[in-house]
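Inspection log for the structure reproduced underneath, given as structure tokens.
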Amino acid sequence: MMGPAHSLSGAAAWLAVGAVAAGMHHPMPWPTLVVGALICAGAALAPDLDHKPATISRAFGPLSRGLCEIVEKLSLGVYNATRMKGDPHRNGGHRTLTHTLVWAVGCGAGASAIATYGGRWGVLGVLFVHLVLAVDGLLWKEVKGGHHLLVWLLGAAGSWLLAGILNDPGMGQSWLFTQPDQHYLWIGVPVALGALVHCLGDALTVSGCPILWPLPIGRKRWYPIGTPHFMRFKAGGWVELKVLMPLFMGIGGVSCAAALGLIGG
């Protein structure tokens, strides 16, 4: 899928988690719901760090473009080192290492560690990166062709504001993990969820996605998991734009209302 659909699916996924949590009588404070949705929307773009034309490769200028090249080469190296006889030869690393469950869990664990042990600056760093990506994904029409300095300033201001709100007792720093040394540990959950939702979205397209690597399936270790071929669609096509994106918006809206207790029991 394309960037806007990935970001929408990420936000909708976290809002759905919020609705489920409310239904299980463990509701999220509203800052957790908002921050988690924004982080998940941004994280849903992150697996495409192995793809030079992707939104994330342009999000932070030369820094992200350079990182994109490194990750693409790393992904290709891992692919070649672990592929089986049934895996085809590849010239690029797109949709390999960063499109796996292993990568999603690793990113989530890393974000949790940074937020938990890095203190306020660690939280700010995680928020800033993902808020910039979320703005790029969710407001792609508004920022397209614009100067990224404005997006960075918006991300910085939003991160500072939201980190300050979360820092107040009872406003979400200890949601899910309640011990004093576990504050902000939950921040890795929307990061991992966003990456996983990205993979599931790509699994709906014609190329599939090797989510289950390194588990061997048949003669392949990089087996492209996906729906039956007749159900798959081309990225950026009418199914994505006219069906999935409105569906994600609808799911997000209903889930948000349920998470905030505006509907349901």
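The values are calculated or read from the model by the stated rules, or taken from the named source; none is laboratory data. Please read these numbers as outputs of a predicted model, since none were measured by experiment. Don't worry about glycine lacking a Cβ; one is built from the backbone with ideal geometry, like all the others, and counts go over all protein chains shown. With ligands, DNA and RNA removed, areas are computed over all heavy atoms of the protein, side chains included. Shrake-Rupley method; radii C 1.70, N 1.55, O 1.52, S 1.80 Å.
Note that the stretch 12-29 has calculated 3J(HN,Hα) couplings of 4, 5, 5, 5, 5, 4, x, 5, 5, 4, 5, x, 8, 6, 9, x, 7, x Hz, one per residue in order, obtained from phi through the Karplus relation 6.51 cos²θ - 1.76 cosθ + 1.60 (θ = phi - 60°); glycine and proline are x. Amide H contacts of residue 233 (H built 1.01 Å from N, in plane; Pro and chain starts excluded): 205, 206 sit under 5 Å, all sequence-distant by 5 or more or on other chains.
For the chain, the Cβ-based charge dipole about the Cα centre amounts to some 900 debye (Lys, Arg positive; Asp, Glu negative; other atoms uncharged). Taking only protein heavy atoms and a 1.4 Å probe, the accessible area of the chain is 71% carbon and sulfur. Taking 217, 225, 39 in turn, the Gaussian network model of the chain (Cα-Cα springs below 10 Å) assigns the largest fluctuation to 217. Amide hydrogen proximity for residue 217: with H placed 1.01 Å from N in the peptide plane, the residues at 5 or more positions away or on another chain lying under 5 Å are 223. Each Lys or Arg adds one and each Asp or Glu takes one away; over the other residues whose Cβ falls under 14 Å from the Cβ of residue 48, this sums to -1. Taking the longest Cα principal axis of the chain as reference, the axis of helix 119-138 is set at about 60 degrees. Of the trypsin sites (Lys or Arg not before Pro) found in the stretch 205-236, those that fall in a DSSP loop while having at most 14 other beta-carbon atoms within 10 Å are 219, 234. Decide, for the stretch 166-246, between rounded, prolate and oblate: order the square roots of the alpha carbon gyration tensor eigenvalues as a ≥ b ≥ c, take rounded if a/c falls under 1.5, and otherwise choose prolate if a/b is larger than b/c, else oblate. Note, shape of the stretch 166-246 comes out oblate.
Couplings for the stretch 64-71, taken from phi via the Karplus curve 6.51 cos²θ - 1.76 cosθ + 1.60 with θ = phi - 60°, read 6, 5, x, 5, 4, 5, 5, 5 Hz in order; Gly and Pro are left as x. Per residue, the chain exposes 49 Å² of solvent-accessible protein surface, assessed with a 1.4 angstrom probe and all protein chains in place. Any idea how far the Cα center of the stretch 77-113 sits from the one of the stretch 26-66, in Å? Cα centroid of the stretch 77-113 versus Cα centroid of the stretch 26-66: 18 Å apart.
Of 131, 154, 15, which has the largest mean-square fluctuation in a 10 Å C-alpha GNM of the chain? Highest fluctuation among the options: 154.
Only one residue of 4, 106, 88 has its Cα farthest out toward the positive end of the dipole of the stretch 1-124, where Lys and Arg carry +1 and Asp and Glu -1 on Cβ, and that residue is 88. Here the calculated FRET efficiency for residue 206 and residue 179, from their Cβ-Cβ distance with R0 = 51 Å, stands at 0.65, rounded to the nearest 0.05.
Taking the chain as a Gaussian network of alpha-carbon nodes connected by springs under 10 Å, the highest mean-square fluctuation of the residues 68, 199, 40 belongs to 68.
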